[in-house]
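*Asks:* Below is one structure. I have some questions about it.
The values are calculated or read from the model by the stated rules, or taken from the named source; none is laboratory data. Treat the numbers as computed from the prediction; the structure is a model and nothing was measured. Don't worry about glycine lacking a Cβ; one is built from the backbone with ideal geometry, like all the others, and counts go over all protein chains shown. Areas reflect the complete protein model, heavy atoms only, side chains present, ligands, DNA and RNA absent. Shrake-Rupley method; radii C 1.70, N 1.55, O 1.52, S 1.80 Å.
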Amino acid sequence: MSVLRGRAPVSRRLPDFPWDTLLDAKERASAHPDGIVDLSVGTPVDPVDPLIRDALAAASDFPGYPTTIGTPEVRRAAIDALQRRFGIDGLDLSMILPVIGTKEAIAALPSTLGLGVGDQVVIPEVAYPTYEVGALLAGAEVVRADSLTQLGPATPAMIYLNSPSNPTGKVLPVQHLRKVVSWARERGTVVVSDECYLGLAWDDEPVSILDTRVTDGDNTGLLAVHSLSKTSNLASYRAGFLAGDPGLIGELLAVRKHAGMIVPFPIQAAMTAALGDDGHAATQRERYRRRRETLRNAVISAGFRIDDSAAGLYLWVTRDEPCRDTVAWLAERGILAAPGDFYGPRGVRHVRMALTATDERIAQAASRLAS
């Protein structure tokens, strides 16, 4: 007898896990005599800075429970980093909440804030899949829209923004962000801005939803999502934080305390070190800049077109054909890319190519594209 006693499994609400559909292409790419160049996942490959590892080790002899709200030191480090790196002013300790990686936070956010059946969650037309997953886990309705006019008279409970975008690398200008914030406040809609790639600008300068040019100094109804996975190579640490409206942060904290959703103490110490040091982030950014230039030139020379891609860790490329055909073409050359249909119906003629491979593998990709 099923332990679910006739209930439909939660997994049935969700789409297939996207990367499971890439197994055949991965097998073909892996057969290349010089090995696969895997550009399908944005997972860091470069070393964790010794400064961060030393902080982790120094905090490892801590036998007690950490606090869900996080240490004052990690929250202050987050505030200071947001101010130094992005010019975000006016935050205090009540406006920061460490989370166990931002994917977890995004997946849980609608449920934690009490959304459910009858609520709408707006996500970009081409979007990081976890926005949809979080809404579906809560039982909410997902609406894909890039402009407010598409929403008509709707009053959604939550709207996600992502600038720079994963996967497209598109950057939203200040005026667009201001319009969304004003529109949302008229309707009591929470705005969640995924800013995990904010520190990786190339052709355009992205702006936080918490920038005073957007908010006029009022963060009500706004949450910014920040990750240390990309800029500090801490994907395995599961290190991120939320910033914004202290009322929303307080509600999330109250629920997460009950659920035991706590960032481990040594990770908080590592985060504090990483947020306090801009040098290692600048070094990593330069690595990505060089790899981007190499891959960008090769992709264009091979006859692809690059759309958007003004910031972030990806090139959003097309051969003006179905994305799975492009994935197969690349796989024959030992290169694995993510098909655009992972990210929504508007992505079906693009593929996403990540910059998160070693210099040697990026050079291999460029060589294979040239031939």
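*Asks:* Output yes when any residue across region 130-150 is hydroxyl-bearing (Ser, Thr, Tyr) and free of Cβ contacts under 8 Å to residues at least 12 places away in the same chain, and no when none is. Working first, answer last.
*Replies:* Here is the first cut: in region 130-150, the ones hydroxyl-bearing (Ser, Thr, Tyr) are 130-131, 147, 149.
Now narrow it down to the ones that are free of Cβ contacts under 8 Å to residues at least 12 places away in the same chain: 147, 149.
Checked against the condition, which is being hydroxyl-bearing (Ser, Thr, Tyr) and free of Cβ contacts under 8 Å to residues at least 12 places away in the same chain, region 130-150 yields at least one hit.
*Asks:* In addition: Of all residues in region 212-235, which are more than 19 Å from the chain's Cα centre (by Cα) and either outside the structural domain of Arg75 (by the TED database) or open to solvent by less than 10 Å² (accessible area, probe 1.4 Å) (or both)? Break it down into steps so the answer makes sense when it comes.
*Replies:* Step one: list which residues in region 212-235 are more than 19 Å from the chain's Cα centre (by Cα), which gives 212-221.
Result: Val214, Thr215.
*Asks:* Output the residues belonging to region 1-26 that are of a type in the set (A, V, I, L, M, F, W, C) and open to solvent by 100 Å² or more (accessible area, probe 1.4 Å).
*Replies:* Within region 1-26, the first condition is being of a type in the set (A, V, I, L, M, F, W, C), and the residues that meet it are 1, 3-4, 8, 10, 14, 17, 19, 22-23, 25.
Met1, Val3, Phe17, Leu23, listed by residue number.
*Asks:* Taking region 274-311, which residues are in a loop (DSSP other than H, G, I, E, B) and either exposed (fewer than 13 other Cβ atoms within 10 Å of the Cβ) or modelled with pLDDT under 95 (or both)?
*Replies:* Initial filter on region 274-311 (in a loop (DSSP other than H, G, I, E, B)): 277-278, 302-304, 308-310.
Answer for region 274-311, where residues must be in a loop (DSSP other than H, G, I, E, B) and either exposed (fewer than 13 other Cβ atoms within 10 Å of the Cβ) or modelled with pLDDT under 95 (or both): just Gly303.
*Asks:* Being over 17 Å from Pro164 (Cβ atoms) and surrounded by 14 or more Cβ atoms within 10 Å (Cβ to Cβ) is the filter here, so list the residues in region 180-193 that pass it.
*Replies:* Of region 180-193, the ones over 17 Å from Pro164 (Cβ atoms) are 181-190.
Val181, Trp183, Ala184, Arg185, Arg187, Thr189, Val190, listed by residue number.
*Asks:* Among the candidates Asp245, Asp218, which residue alone is among the charged types (D, E, K, R), free of Cβ contacts under 8 Å to residues at least 40 places away in the same chain and under 28 Å from Arg185 (Cα atoms)? Give the derivation first.
*Replies:* On the way: Asp245 fails: free of Cβ contacts under 8 Å to residues at least 40 places away in the same chain.
Testing whether each residue is among the charged types (D, E, K, R), free of Cβ contacts under 8 Å to residues at least 40 places away in the same chain and under 28 Å from Arg185 (Cα atoms) leaves just Asp218.
*Asks:* Ok, one more. Pick from region 27-57 the residues that are in a helix (DSSP H, G or I), open to solvent by less than 90 Å² (accessible area, probe 1.4 Å) and not polar (S, T, N, Q): which of them is nearest to Thr231 (Cα to Cα)? I'd like the intermediate steps shown before the answer.
*Replies:* As a first pass, look at region 27-57 and keep what is in a helix (DSSP H, G or I): 27-30, 50-57.
Adding the requirement that they be open to solvent by less than 90 Å² (accessible area, probe 1.4 Å) leaves 29-30, 50-52, 55-57.
So of that shortlist, the ones also not polar (S, T, N, Q) come out as 29, 50-52, 55-57.
Details: Ala29: 28, Pro50: 15, Leu51: 14, Ile52: 13, Ala55: 17, Leu56: 17, Ala57: 20 Å.
Checked region 27-57; the qualifying residue nearest to Thr231 (Cα to Cα) is Ile52.
*Asks:* Let me ask something else. Go through Met271, Met353 for me and flag whichever is in contact (Cβ under 8 Å) with a residue 12 or more places away in the chain and in the same structural domain as Ala107 (by the TED database).
*Replies:* On the way: Met353 fails: in the same structural domain as Ala107 (by the TED database).
Met271 is the lone residue from the list that is in contact (Cβ under 8 Å) with a residue 12 or more places away in the chain and in the same structural domain as Ala107 (by the TED database).
Here is a yes/no grid of residues against (1) open to solvent by less than 30 Å² (accessible area, probe 1.4 Å); (2) over 30 Å from Arg305 (Cα atoms):
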site: Glu73; (1), (2): no, yes
site: Arg76; (1), (2): no, yes
site: Asp92; (1), (2): no, yes
site: Val117; (1), (2): no, yes
site: Val122; (1), (2): yes, no
site: Glu132; (1), (2): no, no
site: Asp146; (1), (2): no, no
site: Ala157; (1), (2): yes, yes
site: Asn162; (1), (2): yes, no
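*Asks:* Return the residues of region 80-93 that are in a helix (DSSP H, G or I) and more than 19 Å from Phe265 (Cα to Cα); say none if nothing qualifies.
*Replies:* Just the residues of region 80-93 that are in a helix (DSSP H, G or I), to begin with: 80-86, 93.
Residues satisfying the conditions are Asp80, Ala81, Leu82, Gln83, Arg84, Arg85, Phe86.
*Asks:* Please list, ordered by residue number, the helices (runs of 4 or more DSSP H) wholly in region 158-268 having 1 or more residues that are more than 27 Å from Leu148 (Cα to Cα) and not hydroxyl-bearing (Ser, Thr, Tyr). So that I can check it myself, show each step before the final result.
*Replies:* Working: elements: 174-187, 212-215, 246-259.
In region 158-268, the matching helices (runs of 4 or more DSSP H) lie at 246-259.
*Asks:* Let me ask you something else. Answer yes if at least one residue in region 324-344 is assigned to a loop (DSSP other than H, G, I, E, B), in contact with a Phe, Trp or Tyr (Cβ under 8 Å, 6 or more places away or on another chain) and surrounded by fewer than 21 Cβ atoms within 10 Å (Cβ to Cβ), and no otherwise.
*Replies:* Keep residues of region 324-344 that are assigned to a loop (DSSP other than H, G, I, E, B), which gives 332-334, 337, 344.
Okay, now just the ones that are also in contact with a Phe, Trp or Tyr (Cβ under 8 Å, 6 or more places away or on another chain), so none.
No, region 324-344 contains no residue that is assigned to a loop (DSSP other than H, G, I, E, B), in contact with a Phe, Trp or Tyr (Cβ under 8 Å, 6 or more places away or on another chain) and surrounded by fewer than 21 Cβ atoms within 10 Å (Cβ to Cβ).
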